[in-house]
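The values are calculated or read from the model by the stated rules, or taken from the named source; none is laboratory data. Everything quoted here is computed from the prediction, not taken from an experiment. A quick note on method: Cβ atoms are made from the backbone with ideal geometry, for glycine too, and the neighbour counts reach across all protein chains shown. Quick note on the areas: whole protein, heavy atoms, side chains included, nothing else; ligands and nucleic acids left out. Shrake-Rupley method; radii C 1.70, N 1.55, O 1.52, S 1.80 Å.
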Amino acid sequence: MPLIFVTFGPVMPISVTLSLQGMSCGACSARVDLKLSSIDSLSDVAVNLAAQTARFSLSDGDALANVGKTLSEMGYAARMATVTLNIADMSCASCTGRVERGLRHILGVSEANVNLASNTAQITYFEGVTDPLALAQAVTAMGYPATPQADEAPIDITTRTQAEAKTIARRALIAGLLALPVVLLEMGSHMIPALHMLIERTIGQTNSWILQCILTTLVMIWPGRIFYTKGLNALRHLAPDMNSLVALGTGAAYGYSLVATFWPSLLPETLRAVYFEAAAVIIVLILFGRWLETRAKGRSGAAIQSLLGLQPRTAHVIRNDALQTVVIAQLRVGDMLLIKPGERLPVDGVVYDGDSLVDESMITGEPIPVAKTKGDIITAGTVNGAANLFVNATHVGAETTLAHIIRMVETAQGSKLPIQSLVDRITLWFVPVIIGLACATVGAWMVFGPAPALSYALVAGVSVLIIACPCAMGLATPTSIMVGTGRAAQMGVLFRKGDALQHLSAVDVIAFDKTGTLTQGRPVLSEFITAKGFDRNTLLARIGAMENQSQHPIAAAIVQAAQSQGMMFPSIDKITHVTGFGIEAQFDDDIYLVGADRLMRKHGVDLSDWEDTETKLAADGKTVLYAAQNGQIAALIAVSDPIKDTSYAAIQALKARGIELAMITGDKQETADTIARALGITTVIAEVLPDGKVAALETLKTKGRVAFVGDGINDAPALAHADIGIALGTGTDVAIESADVVLMSGDLGGVVNALSVSRHTLRNIKQNLGWAFGYNVALIPVAAGVLYPFFGILLSPILAAAAMGLSSIFVVTNALRLRHLRPMINAKKPL
């Protein structure tokens, strides 16, 4: 359901992501970031140039309209979308008024018009804040069933940039066709004497300049118009961007040429020259560079596109005893769906009827299909096997597991790393500084340059304006983040928080939980030794009833053992879960305790006769529990949990990368030591309560930055407290919500892959930043003419434009190399 803000009380801040238009360089994104950060009701602002998004926390829903207005005035309008809803059961103007008012209170809705005659609502909303399905659900919740009029597929960055690339390519082609005659007329006459003589004898130099002026004017006002509308508007607001540099540079060359063409008497004869070809070719080259850059940026969103490709567009639903094919936007919780062989699941649900094998590799990473029968849970995006399944929908649309994964990847891709803060501060002042340097360059050439000084000054000044490239600086970090997190998702690693991508690369210690993390988490009951005078079946039934109330894997092993022996669980009069200790329960007049030795000692139960047996079992790597009845030991329970097949390889790979490894567990020291020795882990902290894991992490933090890997509810505090929390996707929702990184399968190879992606991405970002800053530091002085006194070299504005375009292309292309990262060990690939 979409959030509806009420105006008569404070609301908790929520995260909002807007899709923006028109940001073309780092100065643009820095300007937007600064402006949004100055708005009182906004916090945690993060602007992403590569994704063209602005994310922030919003405490006042009414402020979103002002944010949209502010962005539009700045020239970076938020993308808006329109949807038509078909609405049933409206019978009067009061109905339409209620629906209209309700829609306008939904966060993200800019305008809503409800028509009683057509039973429709036309809604304009901010892209990414809400969507047609959420709006339809909100209207339905008001009491008026609503559905989107048409299936509107989600717009991902790849689709958008493909459309944008086509537009830019068309502009570049038109500009190129118009500029070609200008280049032939001006440059050709200089390079080919015969052509120069031909022009002089036919149309003459003046007419040649006039024709160049006409063609260049068409280039500037048609395909190149965007540079002037946006660039001059930014200058008007005293916040120049890259478009401003292009507008000033080409405008200066064009203006000088106009004077030389139509008012030549204003210039000395030696200065009468035109630079129409420079203005025209600069626009062509920059448009061409933007086309290449946009195409490359589109490929950076390939991971999101592959995730979106897992969503089917239609579904077969049974309504009114008839099978209908509907778009997925029209599905509702409780719908009965028919999933045919080979089809992808459009919803999360429960199998109502049928038996089939389902490929869940996109979630678990396991390549072997899983058998599904009545009562089993299935997930959207997975693929049905060779038989029909009837499924009852439990989560649809934005609430499915697949939708959550997509949002998680989008959030990570839109995040701003700490390393970006310095870049933002620099790009904020970069363009004004470049304009100042260009003015200083012109002044220096006018004072110290050889004759004709004005011509040299114009060429050098224009070159400085054109060669400067804030785009490369702005794209250096976000493009790498997009590609890196997308590739990580394809390896089964989801970065829930963007800064985790940077912090994980510098981790010094990785601590692991034992049960379900290093081990399979599917323990089996191996020993059940009863004390003299106690009946085994009665004990196992009552202990099974107690453990049936727990979610711990060890509890599941005891329950499974009891059920496999045909035990019927008696009713419990009273039960208490003691975190970190065990369970206390009452059956009639009997008080039972089941748990670790510390629970027994807490209640004064004597364990002296059992300690040798416990020590022997623990040394074999088994987890030992006790059961007591009315203060006396009734049974000793031993559970074995095999180590995961991939744990050893993952541990060795991490040790090879210089990471110190530790294990933190609530198990006995002997049991923990046995598991640690088998895996090669040297630091073992055992017999700790859930709160004790936090204290253990504090101790480990004295050695440096610490990551913790876990999967259970009792791991949530440690996951939240660690510098980096890594949760297994096969674990509990609480653990996943507490983590910074989620491994979509239980394969610990994902930890190695996460570390690899993090380190490669940070290295890639540093390469990009090194290039972006190095390029500007090296070539701006060259453009200003610093080499001219020594070598007679003065950079042409045309070459400056080519260099500027190539600098951005280099950054994006370098980031795209991250797409070729390969899993470091035999980890699964879910996408």
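Leaving ligands, DNA and RNA out of it, report the carbon-plus-sulfur percent of the accessible area of the chain at a 1.4 Å probe.
Summing carbon and sulfur atoms, their accessible area is 57 percent of the total for the chain.
Leaving ligands and nucleic acids out of the surface, order K514, K616 by accessible area at 1.4 Å, largest first.
K616, K514
Return the sequence-ordered ³J(HN,Hα) values of the range 751-767 in whole Hz as given by the Karplus equation 6.51 cos²θ - 1.76 cosθ + 1.60 applied to θ = phi - 60°, using x for Gly and Pro.
For the range 751-767, the Karplus curve yields 5, 5, 5, 4, 5, 5, 4, 4, 5, 5, 5, 5, 5, 5, 4, 5, 4 Hz.
Mean residue ellipticity at 222 nm from the helices of the chain, using -39,500 (n - 2.57) per DSSP H segment of n ≥ 4 over the full residue count, to the nearest 500 deg cm²/dmol?
Theoretical 222 nm ellipticity from helices: -16000 deg cm²/dmol.
Relative contact order of the chain: what whole-number percent is it, with Cα pairs under 8 angstrom and at least 6 residues apart?
13
From largest accessible area down, sort R332, R290; use a 1.4 Å probe on the protein chains.
Greatest to least solvent exposure: R332, R290.
T130: accessible area at probe 1.4 Å, nearest 10 Å²?
Its heavy atoms expose roughly 10 Å² to the probe.
At 7 Å along the Cα-to-beta-carbon direction for both L357 and I793, put a label point, then send me their distance in nm to one decimal.
6.5
Averaged per residue, what accessible surface does the chain expose to a 1.4 Å probe, in Å²?
Working: 34850 Å² over 831 residues.
Per-residue value: 42 Å².
Please give the charge dipole size of the chain, origin at the Cα centre, charges +1 on K and R Cβ atoms and -1 on D and E Cβ atoms. Round to the nearest 20 debye.
Charge dipole, the chain, about its Cα centre: 3220 debye, nearest 20.
Any idea of R225's accessible area? Nearest 10 Å², probe 1.4 Å.
That residue has around 120 Å² of solvent-accessible surface.
Identify, among Q149, N207, T485, the residue whose Cα sits farthest towards the positive end of the charge dipole of the chain, taking +1 on the Cβ of Lys and Arg and -1 on the Cβ of Asp and Glu, with the dipole about the Cα centre.
Sorting the options by dipole projection puts first N207.
For E164, what accessible surface area do you get with a 1.4 Å probe? Give it in Å², rounded to 10.
70
Starting from the 7 Å offset along Cα-to-Cβ, what nm value, one decimal, do you get for the label separation of S41 and I318?
With each label placed 7 Å out from Cα toward Cβ, I get 4.8 nm.
Probe radius 1.4 Å, ligands and nucleic acids left out: which of T671, T53, T167, T579 has the largest accessible area, and how do the rest follow?
T579, T167, T53, T671
When N counts the residues of the range 571-667, how does its alpha-carbon radius of gyration compare numerically with 2.2 N^0.38 Å, as a ratio?
In units of the globular-protein estimate, the range 571-667 measures up at 1.41.
Give the cross-link partners of K166 among the lysines, using a straight C-alpha distance below 27 Å as the criterion and excluding same-chain residues fewer than 8 apart.
Hits, sequence-local ones excluded: K230, K297.
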